[in-house]
Amino acid sequence: MNQIRNVKGTRDLLEDSSALWNVVEQHVRATFNLYGFGEIRTPILEDTSLFVRGVGESSDIVGKEMYTFPDRKGRSLCLRPESTAAVARAYVQHRLQDQPQPVRLYYIGPQFRYERPQKGRYRQFQQIGAEVIGDAGPESDAELLVMLLRFLEGMDFEGLVVRLNTVGDIESRNRFGAALRDYLEPHRASLSEDSQRRLDTNPLRILDTKAPAERALLEGAPELSEFLTSDCREHFAGVRRLLDRFGVRYEIEPDLVRGLDYYTRTVFEIAATGLGAQDSILGGGRYDGLIEQLGGAETPGIGFAIGQDRLIDVLPQSFKDRHQRQRPVVVVPIGLEQGADIALDIAEQLRTAGIHSVAELSGKSMKAGMRLASKLEAIGVVLIGEDELAAGTVTYKNFASREQSSVDRKDLAQIITTSINRSTD
Ligand code: HAM
């Protein structure tokens with residue numbers, strides 16, 4: 001029979017990777033809690049219209065990447081392609097505006113986009129996101145970025161630079177969009193198919209084109225900064241002042257517009273080297289019109305999402321080394337009648353003392369035990385045969401020091417703990 005394989009663009013995370021994913025997630029929770037963020041878990045299934053209204057019809061996500069399907073009653077549902085719109089929906093639905101503002105929420109969970117799979121780009125991928133809803137001031141923008149850098153630096157990332165821009169409010173965006181369209185319309189025929197479509201739906205998106213001819217054409221285009229209202233300028237100046245104050249390194253990127261339609265004012269990304277074409281490990285920005293767009297009161301918001309798959313790909317080695325999973329001790333019974341039972345007893349005794357232990361249950365031979373220990377990269381083995389059993393002792397073989405000694409069973413846990421602590425000093 002044909003073997004069934006995982007769906008294209010999805011991945012199985014086996015033990016070695018999932019251990020690292022868990023460590024990163026613990027670090028998320030610890031850091032984000034420090035800044036007063038609480039976790040939100042929204043459903044993976046949502047009404048398709050949430051993203052059509054929230055993320056916008058002109059975005060690639062809604063235009064061509066959503067997993068959309070009718071359910072058995074013919075309602076159009078989709079697997080969420082991102083979570084900001086879902087968090088905004090939950091904010092409106094559960095009247096979170098009645099809680100002290102701003103509300104700070106974070107999430108860790110899978111997202112789905114029908115993109116062409118390649119390194120760092122999957123159809124099911126995981127995002128770590130944070131949203132601050134209910135505060136319009138530049139302090140929230142800065143505080144969020146400070147938290148983000150604290151989070152990344154806590155994992156030993158160095159020299160990261162935030163790519164920062166402002167896209168203005170809806171009014172400035174619209175005025176700029178119209179000017180850009182007027183400028184590009186005479187050149188329509190020379191634009192790529194994507195850019196021609198964007199010229200009609202959302203000309204701002206053409207700014208992040210990579211095509212050299214289009215880049216050259218954009219040299220003479222009107223600039224977004226000329227269309228900003230004084231409020232938007234002031235907001236952006238406020239964000240920059242606070243980032244300077246907190247020592248956050250950033251570069252202003254006038255062409256950074258981001259691919260989702262809900263952004264207003266501050267937008268940002270962080271790229272990492274070593275990822276190839278998909279080098280953006282995170283992106284975010286303000287979305288001051290989104291809550292209203294989803295039927296709520298006029299409410300500002302800002303947030304970001306980190307691509308966890310990409311983050312893990314570029315995680316500094318020093319962080320991985322510090323969080324290596326604990327290596328076990330293997331308990332090997334030798335020629336005993338009820339060897340497996342006794343090995344389990346000893347392993348349980350060690351676990352009670354917090355020592356990661358594995359019992360060799362086949363009872364085949366000392367060789368089988370040593371082979372298992374080597375496969376599991378054990379720190380040592382506990383050997384127990386007839387003589388030891390009668391004397392209430394075991395033989396402990398410490399692989400690091402290459403010492404072998406006979407120890408009382410009641411002292412075993414203490415001796416192993418001491419040797420672990422010595423080796424991690
Ligand atoms: P986004 O830029 O679409 O923004 O996605 C954020 C991050 O998710 C990207 O920088 C990337 O690391 C990761 N990502 C996106 N697509 C894929 C993929 N196919 N495979 C692997 N990783 C991927 C958002 O989703 C916004 N909701 C962010 C936000 C939150 N803005 C405000 N609040």
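On inspection, ASP194 does not qualify as within 15 Å of the ligand (Cβ to nearest atom), modelled with pLDDT under 90 and surrounded by fewer than 18 Cβ atoms within 10 Å (Cβ to Cβ). The residue of the range 261-310 that is surrounded by the fewest Cβ atoms within 10 Å (Cβ to Cβ), among those that are in contact with a helix residue (DSSP H, G or I) (Cβ under 8 Å, 6 or more places away or on another chain) and in a helix (DSSP H, G or I), is GLN293.
Would you pick out the residues in the range 14-37 that are away from the ligand (no atom under 16 Å from the Cβ) and in contact with a Lys or Arg (Cβ under 9 Å, 6 or more places away or on another chain)?
Step one: list which residues in the range 14-37 are away from the ligand (no atom under 16 Å from the Cβ), which gives 14-16, 18-20, 22-23, 26-27, 29-31, 33-34, 36.
Passing the criteria: GLU15, ASP16, ALA19, LEU20, VAL23, THR31, LEU34, GLY36.
A search for C-beta distances below 9 Å between a residue of the range 176-200 that is under 22 Å from VAL62 (Cβ atoms) and any residue that is β-branched (Val, Ile, Thr) and part of a helix (DSSP H, G or I), counting only pairs 6+ apart in sequence or on different chains, returns LEU180/ILE206; LEU191/ILE206; ASP194/ILE206; SER195/ILE206; ARG198/ILE206; LEU199/ILE206.
Matching residues to (1) over 29 Å from THR273 (Cα atoms); (2) not assigned by TED's automatic domain parsing to the domain that holds PRO300:
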site	(1), (2)
LEU148	no, no
LEU152	no, no
PHE157	no, no
VAL162	no, no
ARG188	yes, yes
SER192	no, yes
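Does GLU25 satisfy being assigned to a helix (DSSP H, G or I) and in contact (Cβ under 8 Å) with a residue 24 or more places away in the chain? It is true that GLU25 is assigned to a helix (DSSP H, G or I) and in contact (Cβ under 8 Å) with a residue 24 or more places away in the chain. For the range 232-260, the tally of residues that are closer than 23 Å to ILE133 by Cα and exposed (fewer than 14 other Cβ atoms within 10 Å of the Cβ) stands at 4. Here GLN127 does not qualify as open to solvent by less than 10 Å² (accessible area, probe 1.4 Å), more than 22 Å from ALA297 (Cα to Cα) and assigned to a strand (DSSP E or B).
Considering the range 291-305, the residues that are of a type in the set (A, V, I, L, M, F, W, C) and either under 15 Å from VAL103 (Cα atoms) or in contact with a His (Cβ under 9 Å, 6 or more places away or on another chain) (or both) include one that is nearest to the ligand (Cβ to nearest atom), namely PHE304.
Rundown of residues vs (1) open to solvent by less than 70 Å² (accessible area, probe 1.4 Å); (2) outside any helix (DSSP H, G or I); (3) not charged (D, E, K, R), yes/no style:
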{"position": "ILE342", "(1), (2), (3)": "yes, no, yes"}
{"position": "ASP345", "(1), (2), (3)": "no, no, no"}
{"position": "LEU372", "(1), (2), (3)": "yes, no, yes"}
{"position": "SER406", "(1), (2), (3)": "no, yes, yes"}
{"position": "ILE415", "(1), (2), (3)": "yes, no, yes"}
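Annotation note: of ARG11, ARG5, the sole residue that is among the charged types (D, E, K, R), within 13 Å of the ligand (Cβ to nearest atom) and open to solvent by 60 Å² or more (accessible area, probe 1.4 Å) is ARG11. From the list PRO300, PRO316, PRO333, which residue is assigned by TED's automatic domain parsing to the domain that holds PHE236 and more than 30 Å from PRO138 (Cα to Cα)? Answer to the selection: PRO316.
Among the residues of the range 209-225, the ones that are buried (at least 16 other Cβ atoms within 10 Å of the Cβ) and either among the β-branched types (Val, Ile, Thr) or under 32 Å from the mean Cα position of the chain (by Cα) (or both) come to 3 in all.
The values are calculated or read from the model by the stated rules, or taken from the named source; none is laboratory data. None of the values given here were measured: they were computed from a predicted structure. Using ideal geometry, Cβ is built from the backbone for each residue, glycine included, and neighbour counts are taken over all protein chains shown. What goes into the accessible areas is simple: the full protein's heavy atoms, side chains included, and nothing from ligands, DNA or RNA. Shrake-Rupley method; radii C 1.70, N 1.55, O 1.52, S 1.80 Å.
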